[in-house]
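Just below is one structure, and these are the notes that go with it.
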Amino acid sequence: MKTLLLSTALVALGLSPALAGKAFVSNERGNTITVVDTDTWEVLTEFDGGNRPRGITVSPDGKKLYVCASDDNLVRVFDTETYEELPSLPSGPDPELFILEESGKRLYIANEDDNLVTVTDTETREILAEVPVGVEPEGMGISPDNKFVVNTSETTNMAHFISTEDYEIKYNVLVDQRPRYAQYTADGTRLYVSAEIGGTVTVMDIAEDGAPTEVGKITFEVPNVRPEWLQPVGIKVTEDGSRVFVALGPANRVAVIDGESLEVLDYILTGQRVWQLAFTPDQKYLISTNGNSNDITVIDVEKEEAIRSVQVGQAPWGVATIE
């Protein structure tokens, strides 16, 4: 009520109320979306996200929230202000992760059960293409110039480079066991691919024509943590490429990596089973989802340290943010 009265008073004075940033967290077992204020780090609300919500992202204008409702076999769409559910998008069976192109028009969706990447038009709500890929596709990344989409197939252990012009695979790169995530740098010259069971991150340089070349492999070692618990999953890279953050699953750590030397600089302690990562739009904070402790960890990017945890829903999986 106080917030409403303040907003009304500001409007009466001809002023616009300041809008808080938000983080949307998909809770895989709770079947909900938790909304967190990224200024106060308080939970604002929680709403139904469909059955087994996992991958989550927002439209470029910040007005729509897209959620992979894996057990509903579709992408649910919500208004980011009112949380009202909008018409859903077809996704193919068991959507897990997706990536939205810069224009917001095409959504590229990994269908784990059918070994496909489905391309859906967010405006017409039509499926534009179905691209056969390796076994158990999961990770999705897109080049900054929007010319290539990268899919990782967990069982085939490959990164597939799909042309967005004709939906054909142009390059296949073998990586380590069970690749989970693909992340380009902002300038498009480098790609990082995590391998959960392999325990590594493969580093590729990207040529002007989009062709990848492996240039390194990052490994991890944490005192008193068993090697099999070091399972790289989500990856985020700062805008300038100087820092790479990698979620290490049951190791309950986020690794901090020098983007030039590829040296692991530090490990930040998080909640249990850290899974996916997202920056706030200003990249001041990095948020991790911790599936076994039912919380998120907020990391100060400049200080490279965790500053707080926030309880969310049951088994948080993905996170997306808006200003």
Out of the total accessible area of the chain (probe 1.4 Å, heavy atoms of protein only), what percent is carbon and sulfur?
45 percent
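Might you tell me the accessible area per residue for the chain, computed with a 1.4 Å probe and given in Å²? Can you show the working numbers first?
Values: 14030 Å² over 323 residues.
The answer is 43 Å² per residue.
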Any idea how far apart ARG125 and THR189 come out in nm if each label point goes 7 Å out from Cα toward Cβ?
4.4 nm
Looking only at ASN31, ASN224, ASN111, which one moves most when the chain is put into a Gaussian network model with springs between Cα atoms under 10 Å?
ASN224
Determine the distance separating the Cα centre of the stretch 22-92 from the Cα centre of the stretch 260-275; give it in Å without decimals.
26 Å
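Calculate the dipole size of the chain relative to its Cα centre from +1 charges on Lys and Arg beta carbons and -1 charges on Asp and Glu beta carbons; express the result in debye to the nearest 20.
Details: 25 positive and 53 negative charges, 154 e Å.
Charge dipole, the chain, about its Cα centre: 740 debye, nearest 20.
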Percent relative contact order of the stretch 257-323, based on C-alpha pairs within less than 8 angstrom and at least six residues apart?
29 percent
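Could you pull out the trypsin sites (Lys or Arg not before Pro) across the stretch 255-323 that fall in loop regions by DSSP (anything but H, G, I, E, B) with no more than 16 other Cβ atoms inside 10 Å?
Working: sites: ARG273, LYS284, LYS303, ARG308; in loops: ARG273, LYS284, LYS303.
Sparse-neighbourhood loop trypsin sites (Lys or Arg not before Pro): LYS284, LYS303.
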Using a Gaussian network model of the chain with C-alpha springs under 10 Å, which one of GLU168, GLU130, GLU208 is most mobile by mean-square fluctuation?
GLU208
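Work out, step by step, the length gained on full extension between ASP71 and TYR83: first 0.36 nm times the residue separation, then minus their alpha carbon distance; give nm to one decimal.
On the way: separation 12, 0.36 × 12 = 4.32 nm, distance 2.05 nm.
Roughly 2.3 nm would be gained on extension.
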Compute the distance in nm between two label points, each set 7 Å from the Cα along the Cα-to-Cβ direction, one at GLU305 and one at ASP282.
2.0 nm
Assuming a viscosity of 1.567 mPa s and a temperature of 4 °C, what translational diffusion coefficient in µm² per second does Stokes-Einstein assign to the chain, Rh being the Kirkwood radius over Cα pairs?
66 µm²/s
Roughly speaking, what is the stretch gain from SER163 to VAL225, that is 0.36 nm per residue apart minus the C-alpha to C-alpha distance, in nm to one decimal?
18.3 nm
Given the options GLU28, GLU42, GLU260, state which has the largest fluctuation in a GNM of the chain using a 10 Å cut-off (strictly under) for Cα springs.
GLU260
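Just subtract the alpha-carbon distance of LEU44 and LEU174 from 0.36 nm times their residue separation and send over the number in nm, one decimal. Walk me through the numbers on the way to the answer.
Working: separation 130, 0.36 × 130 = 46.80 nm, distance 4.29 nm.
Extra length available between LEU44 and LEU174 comes to 42.5 nm.
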Once the in-chain neighbours fewer than 8 apart are removed, the lysines whose Cα is under 24 Å from LYS236 read LYS22, LYS63, LYS64, LYS105, LYS147, LYS217, LYS284, LYS303
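With every protein chain kept in the model, how would you rank PHE78, PHE279 by accessible area, 1.4 Å probe, largest at the top? Before the final figure, lay out the partial values.
Numbers: PHE78 5, PHE279 25 Å².
These residues rank, largest area first, as PHE279, PHE78.
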Would you tell me the accessible area of ASP94, worked out with a 1.4 angstrom probe on the heavy atoms of the protein chains, in Å² to the nearest 10?
10 Å²
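For n ≥ 4 DSSP H runs only, could you compute -39500 (n - 2.57) per run for the chain, divide by its residues and tell me the 222 nm figure to the nearest 500? Kindly include the intermediate steps, with their values, before the conclusion.
Values: 1 runs with 11 residues, N = 323.
Result for the chain, helices only: -1000 deg cm²/dmol.
Under a Cβ-only charge scheme (Lys and Arg +1, Asp and Glu -1), can you give me the dipole magnitude of the stretch 170-272 about the Cα centre, in debye to the nearest 20? The partial results should precede the final answer.
Values: 9 positive and 15 negative charges, 101 e Å.
So the dipole magnitude of the stretch 170-272 works out to roughly 480 debye.
The values are calculated or read from the model by the stated rules, or taken from the named source; none is laboratory data. Predicted, not measured: the structure shown is a model, and the values here were computed from it. Backbone-built Cβ (ideal geometry, glycine too); neighbour counts: all protein chains shown. Heavy atoms of the whole protein, side chains included, go into the accessibility calculation; ligands, DNA and RNA do not. Shrake-Rupley method; radii C 1.70, N 1.55, O 1.52, S 1.80 Å.
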